[in-house]
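Student: After the structure tokens below, expect a handful of questions from me.
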Amino acid sequence: MSLRIVVTVKYVPDATGDRHFADDLTVDRDDVDGLLSELDEYAVEQALRIAENSDDDVEVTVLTVGPEDAKDALRKALSMGADKAIHVEDEDLHGTDAIGTSLVLAKAIEKAGYDLVISGMASTDGTMGVVPALLAERLGVPQVTLLSEVSVEDGVVKGRRDGDTASEQLEASLPAVVSVTDQSGEARYPSFKGIMAAKKKPVESWDLSDLDIEADEVGLENACTVVESAAERPARTAGTIVKDEGEGGKQLAEFLASQKFI
Ligand SMILES: Cc1cc2nc3c(=O)[nH]c(=O)nc-3n(C[C@H](O)[C@H](O)[C@H](O)COP(=O)(O)OP(=O)(O)OC[C@H]3O[C@@H](n4cnc5c(N)ncnc54)[C@H](O)[C@@H]3O)c2cc1C
């Protein structure tokens with residue numbers, strides 16, 4: 001028996017660098033440094049652990065929808081140990097929202113073939129946390145989201161979802177979509193061997209026509225959500241420094257009371 005896992009990985013702007021909106025209020029993805037969304041590293045890690053713990057043949061494919069540089073995210077996932085990668089890129093994708101992105105991902109997943117889709121809990125830029133559910137709906141398969149533990153056995157995916165007051169054990173028959181949290185297990189660092197091996201692993205490139213998607217199904221013009229305005233966050237102001245000249249404690253207490261901390 002074999003198991004085909006597709007992991008959806010997003011290429012996001014590096015949060016430690018300068019980030020901008022373009023003139024049309026979409027995120028500027030061309031002139032910024034980017035990387036594999038850290039939350040998607042957990043998804044790759046879980047796919048690799050399932051493969052390592054399985055007696056069956058498991059193939060791990062990583063999939064991204066994004067600009068040319070999104071290949072960097074795929075390379076990172078391949079160097080962690082994924083077997084192959086698919087990059088969907090098309091100039092008509094500019095401005096596509098979560099609904100459109102889920103359409104493109106779902107069509108690519110169907111074309112690739114899958115038993116299990118593993119997503120991150122949210123991207124580190126859009127952070128909507130809706131794509132896994134949208135994918136399950138589009139693919140017509142069960143979804144088990146926000147898992148902090150995941151395993152596959154006899155055609156069933158099982159996992160634990162931790163809430164504030166209780167933990168649930170959940171399972172679904174395959175094919176299915178799951179998303180994993182940042183509590184699911186530390187993602188591995190690519191080894192030197194893994195980085196060298198990644199250079200030889202296959203990366204397929206598809207555009208919208210490969211997926212039978214028309215330009216008017218995606219893009220900014222057809223997005224269901226619109227960014228009305230965006231403004232830079234005001235610069236941080238200097239903090240309040242209390243010098244203790246005998247009344248420091250009193251001043252601290254007054255400050256905390258004025259901020260309603262006490
Ligand atoms: C070139 C380009 C321009 C875009 N412009 C806009 C825009 O102007 N407005 C807008 O609303 N959206 C835009 N998007 C889409 C947006 O970046 C998100 O992919 C989409 O809205 C999903 O929202 P999210 O990132 O909050 O996903 P979440 O639901 O938070 O993501 C959850 C999980 O879904 C998967 N996932 C999400 N996005 C991708 C992806 N692209 N590839 C692979 N896996 C993914 C990951 O596993 C992720 O952890 C654009 C995308 C591209 C590629």
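Student: Restricting the first residue to region 221-238 and requiring it to be of a type in the set (Ser, Thr, Tyr), which pairs with a second residue that is assigned to a loop (DSSP other than H, G, I, E, B) meet a Cβ separation below 8 Å and a spacing of at least six or different chains?
Tutor: THR225/ASP97; SER229/LEU25
Student: Now for a different question. What number of residues in region 46-65 are surrounded by 20 or more Cβ atoms within 10 Å (Cβ to Cβ) and touching a Lys or Arg at 6+ places or on another chain (Cβ under 7 Å)?
Tutor: Total meeting the criteria: 2.
Student: Output the residues belonging to region 67-93 that are out of contact with any helix residue (DSSP H, G or I) (no Cβ under 7 Å at 6 or more places or on another chain) and outside any helix (DSSP H, G or I).
Tutor: PRO67, ASP83, LYS84
Student: Still on this model: Among GLY140, GLY95, which is the only one that is near the ligand (Cβ under 6 Å from one of its atoms) and not hydrophobic (A, V, I, L, M, F, W, C)?
Tutor: GLY95
Student: Turning to a different aspect of this structure: So which of VAL88, VAL44 ends up being under 13 Å from the mean Cα position of the chain (by Cα), within 10 Å of the ligand (Cβ to nearest atom) and at pLDDT 95 or above?
Tutor: The conditions single out VAL44.
Student: Have a look at VAL65, VAL58 and point out the one that is among the β-branched types (Val, Ile, Thr) and over 13 Å from the mean Cα position of the chain (by Cα).
Tutor: VAL58
Student: Can you pull out the residues in region 107-124 that are within 11 Å of the ligand (Cβ to nearest atom) and under 21 Å from VAL150 (Cβ atoms)?
Tutor: Selection gives ILE109, VAL117, ILE118, SER119, GLY120, MET121, ALA122, SER123, THR124.
Student: Across region 200-238, which residue is nearest to the ligand (Cβ to nearest atom) among those that are hydrophobic (A, V, I, L, M, F, W, C), surrounded by fewer than 15 Cβ atoms within 10 Å (Cβ to Cβ) and within 22 Å of ASP24 (Cα to Cα)?
Tutor: Checked region 200-238; the qualifying residue nearest to the ligand (Cβ to nearest atom) is VAL227.
The values are calculated or read from the model by the stated rules, or taken from the named source; none is laboratory data. Note that the structure is predicted; figures quoted are calculated from it, not measured. All Cβ positions, glycine included, derive from the backbone under ideal geometry; neighbour counts span all protein chains shown.
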